[in-house]
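Notes for the one structure printed next.
The values are calculated or read from the model by the stated rules, or taken from the named source; none is laboratory data. Quantities reported herein were computed from a predicted structural model and do not represent experimental measurements. When we count neighbours, we look across all protein chains shown, and the Cβ atoms used for this are built from the backbone with ideal geometry, even at glycine. Side chains included, ligands, DNA and RNA excluded: accessible areas come from the protein's heavy atoms. Shrake-Rupley method; radii C 1.70, N 1.55, O 1.52, S 1.80 Å.
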Amino acid sequence: MVLDQTETQKRADDKAIDDWLPITSSRKAKWWYSAFHNDKTNFYSQLLGYHELGQHAFGEKLGLWIIVTQQLTVEVSLVIVYMVTGGQSLKKFHDLVCPNCKDIRLTYFIMIFASVHFVLSHLPNFNSITVVSFAAAVMSLSYSAIAWLAPVAKGGTQNPDYSYKASTNTGKTFNFLAGLGEVAFAYAGHNVVLEIQATIPSTPEKPSKGPMWKGVVVAYIIVALCYFPVAFVGYWAFGNEVEDNILKSLEKPVWLIAAANMFVVIHVIGSYQVYAMPVFDMMESFLVKKMHFKPSFWLRFISRNLFVAFTMIVGICFPFFGGLLSFFGGIVFAPTTYYIPCVIWLIVYKPKRFSITWIINWVCIIIGVLLMILAPIGGLRLIILQAKDYKFFS
């Protein structure tokens, strides 16, 4: 009887903790919630997260270390890039609407962007940021449309150069490797897909993979509408002089380009929150379950503010947008997006050797490993080149 009461109390305590943590606190999401969240992130229905899928495949301890280490690195690197992007877009907005004003350092704009997250980061879970996520999805469509419609309407540079940007074979090779990393970064939203799916109700009769699939399809249609026109028109209009953030290449009409930069700010605000939420869950799970802190407002307030402050400081110290994309795209995005899922699939389903699915997965694994090795080399070189004339906190 005493044992039963103890077990009952333990289950009640565990449920109370799960109800407090960000990922497990709410399973009332709809399929369109996943579309909004996945649009900024770019199916195992009963698993609550990527790391639990890893534990299922690799074992309790090994799976946790393999997946959590990679996933945490991905999400932290992403929010750092978003911190830099938000600051750069705010600065571009300021410079466009007030060209005669005193020049303000990028550092201060990153701090302004971070101040928003010192507030929004205290929203408790994924469902509570749905409005922010929806606004971000709308903004991504808006600024992407501006980014390719403005050059079509106003034209780009006169006589754009479509040749290689680098003049030497070495430079061309490194730029190619950096480009691979940027592509990997652009399509690396799969790292929080299972955490998003965990917020959708799931039963044996009606598993969450159904509505989740709808959301993913809609999200990728939005991604295609955003990415491809910008890529094609941007290169057509500016050639090899196009900036890694195309809005930095656009100048006229001023009001429209300024609006587009503000749309980017709203978009990356939502993106930051989507990728920070699993990090908050990991931090708070560790503090409550391992360190035995009591779930409380102050625990959440202090831990989340410290994380936002950390990403802000790193973003201020290393505001190299293109280089960060290439470096992180290869070294941390390739494993979790391109080959670890294939390895897990092979372990779980055990397909027949040399069958079509076996060959496809092994091809993806080989390409993913090569991407992880080669892309960071190009990204690191780009960071070194960008850092030559850079002064800290400038």
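Per-structure values
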read-out: Computed label-point distance, nm, for sites K209 and W362 using a 7 Å Cα→Cβ extension; value: 2.5
read-out: Average accessible surface area per residue within the stretch 72-214, 1.4 Å rolling probe, Å²; value: 48
read-out: With DNA, RNA and ligands ignored, accessible area of H292 (1.4 Å probe; Å², nearest 10); value: 140
read-out: Rg(Cα)/(2.2 N^0.38 Å) for the stretch 209-278, N = residue count; value: 1.38
read-out: Carbon plus sulfur fraction of accessible area for the stretch 89-178, probe 1.4 Å, in percent; value: 64
read-out: Entries of K209/K352; K102/K172; K154/K214 with Cα pairs more than 30 Å apart; value: K102/K172; K154/K214
read-out: Surface share of carbon and sulfur [accessible, 1.4 angstrom probe, percent] for the stretch 265-351; value: 78
read-out: Extension gain, V131 back to Y220 (0.36 nm per residue minus Cα-Cα distance, nm); value: 30.1 nm
